[in-house]
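Following: one structure in structure tokens, then a few remarks.
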Amino acid sequence: MDLTATREEDAVRAECRSWLEANLPWDYGTGLPPRFEELSEEVAFGREWQARLAQGRWVGLAWPEEFGGRAAGPLVNFVVTEELARARAPELVGRIGVNLVGPTLLAHGTPEQQSRWLPEILRAGHLWCQLFSEPGAGSDLAALSTRATRDDAAGGWRLDGQKVWTSYAQFADFGLCLARTDPDAPRHRGISALVVDMHAPGVEVRPLVQSTGEAEFNEVFFDGALVPDDHLIGPLHEGWRVSQSTLGHERGVNPRQLVIHVQHLEELLRLATTTGAFDDSRLRRQLARAYVEIKTFQLHNWRSLTKLATGRQPGPEGSALKLYWSEASQRLHATALDVLGDDAPLWRGADGLSGDGEWQRSWLYYLSASIFAGTNEIQRNILGERVLGLPREPRGEEATR
């Protein structure tokens, strides 16, 4: 694992920081992005901000130059993501497209599909959602039941079924969907990856209100929605193989979550100083554990980055990173509420450092960290079966014998 920055990485970091100082719509280093009452206003701001980033070529840095990237390596992309997070820039509103769909199209899409969709992904001209999870399947994607039935007269596939927990689906223009195209095939076969026009007839989106009071997640229903033939990604019935590259990026290196949690840690230590939490031996131990866990998260990321930098792709061991940081994050946020003490139940900060209810909102949000991007139970199965070589967990009828 090489922790030494190259000249190229140092140069890109300085260039990005200079660009941010000149282009951020708030004061660099001290200001914060605007807060919005409505999610639709936040998304509109996010599209403008991402378009500005794309114009400066700060989005999709690892993508080929012909599609708006810089053909840079994963370490350069990591450096830029760090700088954006340190500047308190909001997450990319088109992050599903940039981080998941884009790499999948680059790996499995046709040249025509890449030319059609990739440039609009970078500048947030089109927003994408990920149509994988289902009410009866969840993280067990092989159990999905959404079907795509061949319609030769229409020149495509008719989609029927339901997806759930679909982030920003109400604003999405397209969705990357896994559907069963051969119902008689074994679980991991007969699945295809399809691009769905989210504005097409037969597609219905219903927002789900979360515990934070927001509605980023959605249910999506398909009732005979047509998916044209040229919206098939990769070979027919090989969507499982296509999805593995998507999930490898989703569960692999996560520089933004790393920097966010470093910021959380710094704010937590400042908060503990103002509330006198260091005088409590129990809280001192919790704070020390939070510090060690976030530093270990950094080392996990750098180890994965070293692998990517040598040309190797993220594999099932990426599940270890997702599993680790999700549980460490929940412990850190529980410690934050302990540090807040009597103010913990209130939807506001105790000292002005943590913002107006930011710790409470963040605690609620990261309760879902052990569920999104594949539940932690699924991550443990992946690690046990694919990394450690343990016997496969019994499924279906096997589990009842």
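Residues in segment 205-219 that are in contact with an Asp or Glu (Cβ under 7 Å, 6 or more places away or on another chain) and at pLDDT 95 or above: 1 in all.
For segment 172-213, which residues satisfy the criterion of being surrounded by fewer than 22 Cβ atoms within 10 Å (Cβ to Cβ) and either outside the structural domain of Leu144 (by TED's automatic domain parsing) or in contact with a Leu (Cβ under 6 Å, 6 or more places away or on another chain) (or both)? Answer for segment 172-213, where residues must be surrounded by fewer than 22 Cβ atoms within 10 Å (Cβ to Cβ) and either outside the structural domain of Leu144 (by TED's automatic domain parsing) or in contact with a Leu (Cβ under 6 Å, 6 or more places away or on another chain) (or both): Asp173, Ser211, Thr212.
Considering every residue within segment 72-83, establish whether at least one is more than 22 Å from the chain's Cα centre (by Cα), over 27 Å from Leu232 (Cβ atoms) and aromatic (Phe, Trp, Tyr).
No, segment 72-83 has no match at all.
Consider segment 118-162 and keep the residues that are in a strand (DSSP E or B) and acidic (Asp, Glu). The one that is nearest to Leu323 (Cα to Cα) is Asp160. If you go through segment 11-40 one residue at a time, how many are of a type in the set (Phe, Trp, Tyr) and without any contact (Cβ under 8 Å) to a residue 40 or more places away in the chain? Result for segment 11-40: 2. Could you tell me whether any residue of segment 123-141 is out of contact with any helix residue (DSSP H, G or I) (no Cβ under 8 Å at 6 or more places or on another chain), farther than 29 Å from Ile371 by Cα and surrounded by fewer than 22 Cβ atoms within 10 Å (Cβ to Cβ)? No - not one qualifying residue is present in segment 123-141.
Restricted to segment 215-231, and to residues there that are buried (at least 16 other Cβ atoms within 10 Å of the Cβ) and not aromatic (Phe, Trp, Tyr), the residue that is farthest from Arg180 (Cα to Cα) is Glu216.
Okay, residues lined up against (1) closer than 21 Å to Glu91 by Cβ; (2) of a type in the set (A, V, I, L, M, F, W, C):
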residue	(1), (2)
Ala5	no, yes
Glu9	no, no
Glu21	yes, no
Pro34	yes, no
Glu37	yes, no
Glu42	yes, no
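The values are calculated or read from the model by the stated rules, or taken from the named source; none is laboratory data. The shown structure was predicted, so the numbers you read here are calculated from the model rather than taken from an experiment. Glycine also receives a Cβ, built like all others from the backbone with ideal geometry; neighbour counts cover every protein chain displayed.
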